[in-house]
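The structure under discussion appears below in the form of structure tokens.
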Amino acid sequence: MANMKDIARIAGVSLGTVSHVLNDTARVREPIRKRVLEAVQAAGYQPSQLARGLRRVKTNVIGMIIPDITNPFFPAVVRGAEDLAFSNGYRLILCNTDNDHSKELVHLNELRTYLPAGLIVIPSNFSDLTAQAESYRQAGTGVVCIDRLPKNWRGDTVTADNEAGAYNATRCLLQFNHTRLAAITGPLHLTNSKERLNGFKRAMKEAKLHLAPEYIQETTFDKRGGYSKTLVLLRLIPRPTAIFAGNDMIALGTLLAIREAGFRCPEDISIMGFDDLDLAETTNPALSSVSQSGYQLGTTATRILLDRIAGDKSPSKHIILETSLKLRDSVAPPPEASPQNSVSKSR
């Protein structure tokens, strides 16, 4: 691999001149500058980000760790973070953990070699990154944890208003005259899963409806989990007439299980999701869902990092983003409810 000495030899200039051109540390006459850049291109030389970082203490890199690149919610988060980072001269390095904590730790350790200016983390399942994230902060690297939070983390955070979103979604189902409701949650050691279940329970309690433990099923945040837990709910007597799913991927599995069991949505069972993925409008029926902006989640986290990089020493920020309800065709009154009691759908 070519190095700066090779570039100096090819261009017929000193090593210092090459350094000045590549790092823009002094004015170099245009003909010489052009000769150096031509030599760089001819040799296929790529400056070492690590070496540059050692000279400048930090690179222009922001690291981002996400738990599951196949979940359609997370690319929007990444896009929001990358757009704002790029427009401010920073480059995003993306690491996917596959919800594997050991893989997550490898990424955290190796990202240190890039001397990142900031770090955005969505923890994996069964992950407590408080110690690792705090070590980054102690080294002067800004860290923002988003979506789900490590236990005892006191640094910057950005989350959706999960409890309020789930509460409003459940209230909507109740307004459609559903009284036999069930919930399929994500892993309950995750903060966002716990908050969404709390919102569901709060709405049920206010409606003075008894909630038997078997009507709450815990699973992974994916279609397979939603499918398997829906089959459990369909065997209950009495069967629920509405299911609140902890995210849209769970809801997709729920919709598939209902169809394969010979039931109809929403005529027999209504479904409400959470996230409002783009695909929610294209399912049959179109999926009702709690809308949160993944893009805004990413941009908000990046804005906090940019402020920290610029010298913001204020106390930790804990930003909670509002959610809204997107009511579509997957929700209707239960079979025994009269049509005049229904609530009109709107987007």
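The values are calculated or read from the model by the stated rules, or taken from the named source; none is laboratory data. Computed from a prediction, not measured in an experiment: that's the story for all the values here. Here the Cβ positions follow ideal geometry from the backbone for every residue, glycine too, while neighbour counts run over all protein chains shown. Remember, those area values only see protein heavy atoms, side chains included, never the ligands or the DNA or RNA. Shrake-Rupley method; radii C 1.70, N 1.55, O 1.52, S 1.80 Å.
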Looking only at the range 34-72, how many residues end up being hydrophobic (A, V, I, L, M, F, W, C), within 24 Å of GLN138 (Cβ to Cβ) and at pLDDT 60 or above?
5
Collect the residues in the range 253-277 that are aromatic (Phe, Trp, Tyr) and either over 15 Å from ALA182 (Cβ atoms) or part of a loop (DSSP other than H, G, I, E, B) (or both), keeping them in residue-number order.
PHE263
Considering residues of the range 281-294 that are among the hydroxyl-bearing types (Ser, Thr, Tyr) and open to solvent by 10 Å² or more (accessible area, probe 1.4 Å) only, the residue nearest to the chain's Cα centre (by Cα)
SER293
Restricting to the range 17-29, name every residue that is open to solvent by 30 Å² or more (accessible area, probe 1.4 Å), at pLDDT below 85 and part of a helix (DSSP H, G or I).
SER19, HIS20, LEU22, ASN23
Out of all the residues in the range 310-344, which are modelled with pLDDT of 95 or more, open to solvent by 50 Å² or more (accessible area, probe 1.4 Å) and not in a loop (DSSP other than H, G, I, E, B)?
HIS318, ILE319, ILE320, SER324, LEU325, LYS326
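Inspect the range 223-238 for any residue being among the aromatic types (Phe, Trp, Tyr), in contact with a helix residue (DSSP H, G or I) (Cβ under 8 Å, 6 or more places away or on another chain) and closer than 19 Å to LEU174 by Cα and give the result as yes or no.
Checked the range 223-238: no residue is among the aromatic types (Phe, Trp, Tyr), in contact with a helix residue (DSSP H, G or I) (Cβ under 8 Å, 6 or more places away or on another chain) and closer than 19 Å to LEU174 by Cα.
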Those residues of the range 252-280 which are surrounded by fewer than 17 Cβ atoms within 10 Å (Cβ to Cβ) and either of a type in the set (S, T, N, Q) or at pLDDT below 95 (or both), in sequence order
ASP278, LEU279
Suppose we keep only residues that are of a type in the set (S, T, N, Q) and open to solvent by 50 Å² or more (accessible area, probe 1.4 Å) within the range 180-239. Which one would you say is farthest from PHE263 (Cα to Cα)?
ASN198
Which one is farthest from the chain's Cα centre (by Cα), of the residues in the range 90-114 that are in a loop (DSSP other than H, G, I, E, B) and crowded, with 20+ Cβ neighbours inside 10 Å?
TYR90
The condition of being hydrophobic (A, V, I, L, M, F, W, C) and within 30 Å of LEU231 (Cα to Cα) holds, among ALA286, ALA310, only for ALA286
